[in-house]
Amino acid sequence: MRTTGIKHFRKKDFPTDKVRRFLEPGPIVLISSAHKAERNIMTLGWHMMMEFDRVGCFIWDQNHSFELIRRSRQCVINVPTYDLIDAVIGIGNQHGPRPDKFDEFGLTPAKATKVTAPLIAECFANFECKLIDTSLIKRHSVFVFEVVKAHVATSPKYPQTVHYRGDGVFMISGRNVSYRERFKRVNL
Ligand SMILES: Cc1cc2nc3c(=O)[nH]c(=O)nc-3n(C[C@H](O)[C@H](O)[C@H](O)COP(=O)(O)O)c2cc1C
């Protein structure tokens, strides 16, 4: 199918360190972790799917969560919706472990089944993860996880997730359009 009649954009040079404003994947997630007697939550936008049940996450080594996750080799990736925006920002503004971010932001820790890190009950989806590849941590701060158990709300089908554009701006997920019938099955 040819794309004719689509507008050509006028462009200018753009700083390479700001391309994230266009590429950031979202949705923003809250990563919960636990190790020994400690638990924590951090906000994270830099993640990517690597195969169907693997997720790569950039976790800055100055974050308290970094060591909790590296040592426990697990975490939970929680997907919040727009109604949790204050917690998303507040959790990202604060370094753990104290005050406890579950208490501070009124979030409920729920028991996971395959990891010791708690799920965040208020989030639409919770993915229990095990760290399966540590080879990129030292060089790139990238943790490669396998999702070992997923809990997803039964409705709505398309939750109002938030996607970070940088510079304090979020995009809230909106309209969904299906082109399913045009897809090669393997790409669905
Ligand atoms: C919208 C948003 C996105 C963020 N994305 C990331 C990220 O992808 N990786 C990261 O290491 N920190 C990210 N942060 C920063 C951490 O959430 C922040 O440093 C937090 O205080 C870490 O908590 P901790 O030190 O208790 O682990 C983000 C913060 C916000 C507000």
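The values are calculated or read from the model by the stated rules, or taken from the named source; none is laboratory data. Because the structure is predicted, anything quoted here is derived from the model rather than measured. Heads up: the accessible areas ignore ligands, DNA and RNA and are worked out on the full protein's heavy atoms, side chains in. Shrake-Rupley method; radii C 1.70, N 1.55, O 1.52, S 1.80 Å.
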log₁₀ I(q)/I(0) of the chain at q = 0.09, 0.14 Å⁻¹, via Debye over equal Cα point scatterers, no solvent, to two decimals?
-> -0.37, -0.84
Entries in 7/184; 18/138; 157/184 that, when Cα-Cα distance is taken, lie over 31 Å = none
Judged on accessible area alone, 1.4 Å probe, highest first, 42, 50 line up as 50, 42
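Leaving out ligands, DNA and RNA, what percent of the accessible area of the range 9-106 is carbon and sulfur, probe 1.4 Å?
With neighbouring chains kept in place, the figure for the range 9-106 is 53 percent.
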Under 16 Å from the Cα of residue 101, which aspartates and glutamates turn up, not counting those fewer than eight places away in the same chain?
-> 38, 86, 122
